[in-house]
Amino acid sequence: MVRVISTSLAIGLALTACACFPRVASAIDLTRFYGHIHSKRSGDACHPYEPFRCPTDGTCISIQYLCDGAPDCQDGYDEDARLCTAAKRPPVEETASFLQSLLASHGPNYLEKLFGSKARDALQPLGGINAVAIALSESQTIEDFGAALHLMRSDLEHLRSVFMAVENGDLGMLKSLGIKDSELGDVKFFLEKLVNTGFLD
Ligand SMILES: [Ca+2]
């Protein structure tokens, strides 16, 4: 069975450079894996219909074979859990700009309400806005997210309670955190997108 992932989503994907350094906010734009980008350097282009280049073996595959449950790259990179989680999530840039907009309108410590005390100073103790956006994109579950950002257990449980409240339709929780009525819709939408893609599983 083939699950089609839109090209725009796939292009929006980003992966951390190396699983061994999960705290480094070095997102690799997936476009670097696309043949037409690659070809600028090597002259060895993937066909536009098979634009995804397996990073290890160089095989060119169609976007529809990304995350379809069967390995098409020799090393199975096209089924990588982080890549396939990110494919279901909003693009990293969109998440980062959403977080940025909340901080811009409420001050640098605002996201403590969601992520706990390490989220002060515009998320700097967590590695910055982009690192948090990448972790939200790639972490399959909230446990993975907590591990990626080294969240304290108490902060992680608080975050879980916020997500569960949203999942249960209890917006009072968000209001009690000081989220304005005018923002409730966007915050709820943002959190629901994560819940709907397995974040609480
Ligand atoms: Ca595949």
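The values are calculated or read from the model by the stated rules, or taken from the named source; none is laboratory data. Since the structure is predicted, the reported quantities are computational estimates derived from the model, not experimental observations. Reconstructed Cβ throughout: ideal geometry from the backbone, glycine too, with neighbour counts over all protein chains shown.
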Legend entry - Subset of segment 56-88 [touching a helix residue (DSSP H, G or I) at 6+ places or on another chain (Cβ under 6 Å), over 23 Å from Val195 (Cα atoms) and more than 12 Å from the ligand (Cβ to nearest atom)]: Cys60
Inset, instruction - Kindly establish whether Ile61 is over 30 Å from Gly178 (Cα atoms) and at pLDDT below 90. - result: no
Inset, instruction - Show the residue pairs that are 6+ apart or on different chains and have beta-carbon atoms under 6 Å apart, the first residue being within segment 64-90 and without any contact (Cβ under 8 Å) to a residue 12 or more places away in the chain and of a type outside the set (D, E, K, R), the second being within 7 Å of the ligand (Cβ to nearest atom) and assigned to a helix (DSSP H, G or I). - result: Pro71/Glu79
Inset, instruction - Could you check Tyr49 against (1) assigned to a loop (DSSP other than H, G, I, E, B); (2) within 14 Å of the ligand (Cβ to nearest atom) and say which number it fails? - result: (2)
